[in-house]
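Participant: Got a structure for you, written out below as structure tokens; questions coming shortly.
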Amino acid sequence: MKKGDYIVIGLIFSISIFLFYFGISEEITGDIVYASVQFSGEEVERIYLDDSMDGSKFIFENLGNHNTVQIDKHSLTMVEADCKDQACIHQGSIGKIGETIVCLPNQVLIEIKSDEEFSDIDHINY
Amino acid sequence: MVKKLVYLSLLVAMALALSLLENVIPLPFVAPGAKLGLSNMVILISLAVFGFSEALIVAVLKSIVLMLATGSVSSLAYSLIGGVMAVLLMELGYRFLHKYLSFIGISILGSAGHNLGQILVATFITENIKMFNYLPLLLIVGIFTGYFVGLGSSKVIRHMKKLTIDYRGGPDV
């Protein structure tokens, strides 16, 4: 290892730390927390994470692929997916605003967002 | 010419075999989706022994043949853009910084380029800029995997540089 190698390692490490602390995040805080399910960048469904949703399961279909999510205690977990790498299941459960679960093979993205103004029309209940 | 063609096709075959092998051994406990980047070793070797355009050919062909072998068309963009970015960054490091860097530094640059390319593709496909929040973790994992890839490559290059008369020079091995 030469001196330049340590500089490269240090540079990449500090860029990572910088990105980690000053990452892209939206500073919106609201009472109503929902999970926005997006297929290829378009929101197709909003799941409101309130008490009535505890234990419920949702199955989404995109491009012939299926992803199953489960709601538990105001958090959402991907429990089943027919993609190859299963990375979305390893991402665990999300519940805080800004957290995401991504399933790249199926082009599914689930992001926790919040609504400041609660509107009954937007609230889809199953 | 024919000798070079045979060596390049052997390198593509090796990169393909390593990519298929590393699909079996993911690093699920470090970060989901993180890979060892073993095929980057082959790309770095072809960059050092043959040159920039040959390394680019190996990287592109490896991505295309990998798509044919695994059958997952959606991952072609990731591996293609990631591979091309890795070759570009490694070439920059090789051409301008070879006095200050060893193969380990160049390999770490390559892994950073690979990660950056993949995050860029993911951002375009999901149309969500938040993909970049995942970059720091991948970069840090890339430092460790890049270290071993660079170490392994320099050991191989020590012997492989005798294969061609027009070895590029570069860092001591």
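Participant: Using the charge dipole of the protein assembly as shown (Lys, Arg: +1 at Cβ; Asp, Glu: -1 at Cβ; taken about the Cα centre), state which of B:9, B:19, B:116 has its Cα farthest towards the positive end.
Facilitator: B:9
Participant: Among residues other than residue B:50 whose Cβ falls under 15 Å from its Cβ, what is the net charge (Lys/Arg +1, Asp/Glu -1)?
Facilitator: That works out to +4.
Participant: Another question about this same structure. Under 5 Å between amide H atoms, partner at least 5 residues away or on a different chain: which partners does residue A:32 have, H built in plane at 1.01 Å?
Facilitator: A:115
Participant: Per-residue HN-Hα couplings for the range A:37-50, Karplus 6.51 cos²θ - 1.76 cosθ + 1.60 at θ = phi - 60°, whole Hz, x for Gly and Pro?
Facilitator: So the J values, rounded to whole Hz, are 9, 10, 9, 6, x, 10, 6, 10, 7, 10, 10, 7, 8, 10.
Participant: Pairs of Cα atoms under 8 Å, at least six residues apart: use those to get the relative contact order of the range A:47-91, whole percent.
Facilitator: Once divided by the residue count of the range A:47-91, the mean separation gives 29 percent.
Participant: Under 5 Å between amide hydrogens, which residues at least 5 positions from residue A:44 or on another chain qualify, with H placed 1.01 Å from N in the peptide plane?
Facilitator: Amide H neighbours of residue A:44, under 5 Å, 5+ apart: A:37, A:38, A:39.
Participant: Note down the net charge around residue B:88, summing +1 for each Lys or Arg and -1 for each Asp or Glu among other residues with Cβ under 15 Å from its Cβ.
Facilitator: -1
Participant: Taking the range A:1-100, which trypsin sites (Lys or Arg not before Pro) meet the DSSP loop condition and have no more than 14 other C-beta atoms within 10 Å?
Facilitator: Sparse-neighbourhood loop trypsin sites (Lys or Arg not before Pro): A:73, A:84, A:96.
Participant: Counting other Cβ atoms within 10 Å of each Cβ, which GluC sites (Glu not before Pro) in the range A:1-108 have at most 13 and sit in a DSSP loop?
Facilitator: When the GluC sites (Glu not before Pro) of the range A:1-108 are filtered for loop state and at most 13 Cβ neighbours within 10 Å, A:26, A:27 remain.
Participant: Dividing the Cα radius of gyration by the Kirkwood radius, what Rg/Rh value follows for the protein assembly as shown?
Facilitator: Checking Rg against Rh, the ratio lands at 1.05.
Participant: Quick one: length gained pulling residue B:17 to residue B:2 fully straight, 0.36 nm per residue minus the C-alpha distance?
Facilitator: Full extension of this stretch gives 3.1 nm more.
Participant: Still on this model: If you add up the charges near residue B:19, with Lys and Arg at +1 and Asp and Glu at -1, over every other residue whose beta carbon is less than 9 angstrom from its beta carbon, what do you get?
Facilitator: Value of the local net charge: +1.
Participant: Tell me which cysteines of the protein assembly as shown come out unpaired when the rule is another cysteine's Cβ under 4.7 Å.
Facilitator: So, A:83.
Participant: Calculate one ³J(HN,Hα) per residue across the range B:142-154 by plugging θ = phi - 60° into the Karplus curve 6.51 cos²θ - 1.76 cosθ + 1.60, and present them in order as whole Hz with x for glycine and proline.
Facilitator: x, 4, 6, 5, x, 4, 6, 4, x, 4, x, 4, 5
Participant: Rounded, prolate or oblate: which fits the range B:4-129, taking a ≥ b ≥ c as square roots of the Cα gyration tensor eigenvalues, rounded meaning a/c under 1.5, else prolate when a/b beats b/c?
Facilitator: Oblate.
Participant: Rank the residues B:46, B:74 as a footprinting-exposure proxy: fewest other Cβ atoms within 10 Å of their Cβ go first.
Facilitator: In order of increasing Cβ crowding within 10 Å: B:74, B:46.
Participant: Which lysines have a Cα lying under 22 Å from the Cα of residue B:35, excluding residues fewer than 8 positions away in the same chain?
Facilitator: By straight Cα distance, residue B:35 reaches A:84, B:62, B:130, B:155.
Participant: What distance in nm separates the simple spin-label points at residue B:165 and residue B:69, each placed 7 Å from Cα in the Cβ direction?
Facilitator: A separation of 3.3 nm, rounded to one decimal place.
Coordinate-derived values only; no laboratory data. Since this is a predicted model, take the numbers as computed values, not measurements. Quick reminder, even Gly has a Cβ in these numbers, built from the backbone with ideal geometry, and neighbours come from all protein chains shown.
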